[in-house]
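Asks: I have a structure I would like to understand better, so I am pasting it below and will then ask my questions one at a time.
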Amino acid sequence: MQPLESDALPHPDESLAEYLRRLRVRLGLTQKEVALKANIHAQSLGKLERGKTHSLNHKTRQGLACALQIPPDYLDSISRGRAIQATQTLKFCPQCWRAGSAPEPLWMDLRSKHCFACGTRLQDRCISCQEPITSLKHRFCPYCGTPYRTQLQMEGE
């Protein structure tokens, strides 16, 4: 997973089609690869990227957000023409998340504070240095090297 960087934010005058294409290219993925990860048809993604479709249903928005490694709110905002009010960090459940896996889309919702599966408070900062979590590709904080999950949490698996 790539870090959630400022270039993942939609640009002010960018269309949904341009935004999706830019993120896909940034991740080095083909339309087919993104469609598979998002669990949508490749033709649907092609229509979105060509600007033939301008709205996203919930399933498509959630799937694309997960595949493109962005909060679903980014896609919601750009498809509705609103300014982004999202944070620059990822959230994950320290109990349910497994290193190297993508965060659950529901964890990324701005309103989510607790895991929908186990009720544990979601974590968006390193427990040691308090730096925002910007990537879940690895299981350690890139700033201080502290594991995102404690040994006790890993033993509970």
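No lab work stands behind these numbers, since they all come straight from the coordinates. Keep in mind the model is a prediction, meaning the values are calculated, not measured. Neighbour counts are summed over all protein chains in view; Cβ atoms, including those assigned to glycine, are modelled from backbone coordinates with ideal geometry.
Asks: Let a ≥ b ≥ c be the square roots of the eigenvalues of the Cα gyration tensor of the range 44-121; is it rounded (a/c under 1.5), or, if not, prolate (a/b larger than b/c) or oblate?
Replies: prolate
Asks: Pairs of lysines 8 or more apart, or on different chains, with alpha carbons under 30 Å: count those in the chain, would you?
Replies: Close lysine pairs found across the chain: 19.
Asks: For ARG125, which sequence-distant residues (separation of 5 or more, or a different chain) have an amide H within less than 5 Å of its own amide H, given hydrogens modelled in the peptide plane?
Replies: Placed amide hydrogens put ILE133 under 5 Å from ARG125.
Asks: Mind sorting out which of (1) 16.0, 50; (2) 21.2, 65; (3) 14.1, 39 is the real Rg and Dmax of the Cα atoms in Å computed from the coordinates?
Replies: (1)
Asks: Further, regarding this structure: Going highest first, how would you order 63-72, 102-111, 132-141 by mean Cβ packing within 10 Å?
Replies: In descending order of packing, they fall as 63-72, 102-111, 132-141.
Asks: Under 5 Å between amide hydrogens, which residues at least 5 positions from THR120 or on another chain qualify, with H placed 1.01 Å from N in the peptide plane?
Replies: Under 5 Å from the amide H of THR120: CYS115.
Asks: Another question about this same structure. Mind listing the long-range amide H neighbours of PHE140? Cut-off is under 5 Å, sequence gap 5 or more, other chains count too, H placed in the peptide plane at 1.01 Å from N.
Replies: TYR148
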